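A short write-up of the structure that comes next.
The values are calculated or read from the model by the stated rules, or taken from the named source; none is laboratory data. Since this is a predicted model, take the numbers as computed values, not measurements. Note: ideal-geometry Cβ built from the backbone for every residue, glycine included; neighbour counts use all protein chains shown.
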Amino acid sequence: MDRWIEETFHPHWRVRLEATRVLHEVKTDHQHLVIFENPTWGTVLMLDGVCQLTTSDEFVYHEMMAHVPLMALQRPKRVLIIGGGDGGVLREVLKHASVVRATLCEIDRTVIDTARQHYPSIPGNAFEDARTEVVIADGLRYVAETDERFDAIIVDSSEPIGPSAVLHTREFFSDCRRALKRGGVLVTQNGLPFLFPAHLSGTTAVFASLFKRVAPYLCTQPCYFGGPFALNLATDDKHVLKVDAKQLAKRQKKRGVHGLKYWTPEVHIGAFALPAYVQQVVAAALDEARAKGKGAEAYVASASTPRDPSEAADA
Ligand code: SAM
């Protein structure tokens, strides 16, 4: 008799997934981990009752977490990934020929080991890549103590519960800012704005108090039930948000980033066009930040966003 595994994250509704085979289940030092097979979603990873990824649709989230910040930068060389022990974001980051070193700081080694064992198609050979450095540590402590400086920091954390709660705090984000190179980019996952607007507004207000530019963007992640999924980008460099589709296409070609299944230059640009209800969440968060005397500019894409002439050099 197959087991049905429930996602327990939503207070008033539940999603149940049939587990035709449970590949691995353990309570690690940090969280409850279960990996199982499902006829529709393929291999599924759940942490503390929350669906983290499935082999059928992981490309959406991983491509949008990696390629939006990296394609927005002229020559990203040094990248830090916080969390992301499944190796999906790392895989996408290493597709950029300009990247010379990618550090992955994951708190729970079991996530890495079981990813390589039970769904090797996701990390591929990212963990064997000579440019990869794996650090098993709490991301909060790593960014507070590192002397390194990064072009991009990608926070591929779980929801703001359990070990991941600290990765959604002002303290963590301000240390991320300290660890960024000048003009660097910080990106974090921001949950489902339709169900949890406070997640997006909370991070937006903190980003607005730390950076000059805040730019939430969306993607459609089928296994994150509840509408469009938000990611949030922060930077002090205005150029990062003024790269048009033509330049993005040139960068993609120049860096040899091929075979993508979700990210395209047009999807990149369009992802920043937020539906009105999400714009309202962002606007309220920025008003809150301004009321506290520190406000960043909000970036909401529009068809008439002018191309920045200073970018000509890159064409
Ligand atoms: N895409 C997923 C999502 O949006 O829910 C996240 C996937 S990824 C598996 C999340 C990773 O963050 C997990 O491997 C977890 O162990 C790691 N993590 C949680 N808290 C952490 C912390 N404080 N420092 C470093 N990694 C952490």
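Points to keep in mind about this one:
- Flag if Gly42 is surrounded by fewer than 19 Cβ atoms within 10 Å (Cβ to Cβ) and at pLDDT 95 or above: yes
- In the stretch 160-186, the residues that are within 14 Å of Ser209 (Cα to Cα) and part of a loop (DSSP other than H, G, I, E, B): Thr169
- You will find that of Thr114, Thr146, Thr132, the residue that is in contact with a His (Cβ under 7 Å, 6 or more places away or on another chain) and either in contact (Cβ under 8 Å) with a residue 24 or more places away in the chain or hydrophobic (A, V, I, L, M, F, W, C) (or both) is Thr114 and no other.
- Boolean, Asp138 is in contact with a strand residue (DSSP E or B) (Cβ under 6 Å, 6 or more places away or on another chain) and either touching a residue at least 12 places away in the same chain (Cβ under 8 Å) or at positive phi (or both): no
Here is a yes/no grid of residues against (1) at pLDDT below 95; (2) within 20 Å of the chain's Cα centre (by Cα); (3) outside any helix (DSSP H, G or I):
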residue: Ala215; (1), (2), (3): no, yes, yes
residue: Gln221; (1), (2), (3): no, yes, yes
residue: Asn232; (1), (2), (3): no, yes, yes
residue: Val243; (1), (2), (3): no, yes, yes
residue: Lys246; (1), (2), (3): no, no, no
residue: Arg251; (1), (2), (3): no, no, no
residue: Leu260; (1), (2), (3): no, yes, yes
residue: Val267; (1), (2), (3): no, yes, no
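- Among the residues of the stretch 160-170, the one identified as of a type in the set (A, V, I, L, M), under 13 Å from Ile107 (Cα atoms) and more than 6 Å from the ligand (Cβ to nearest atom) is Ala165.
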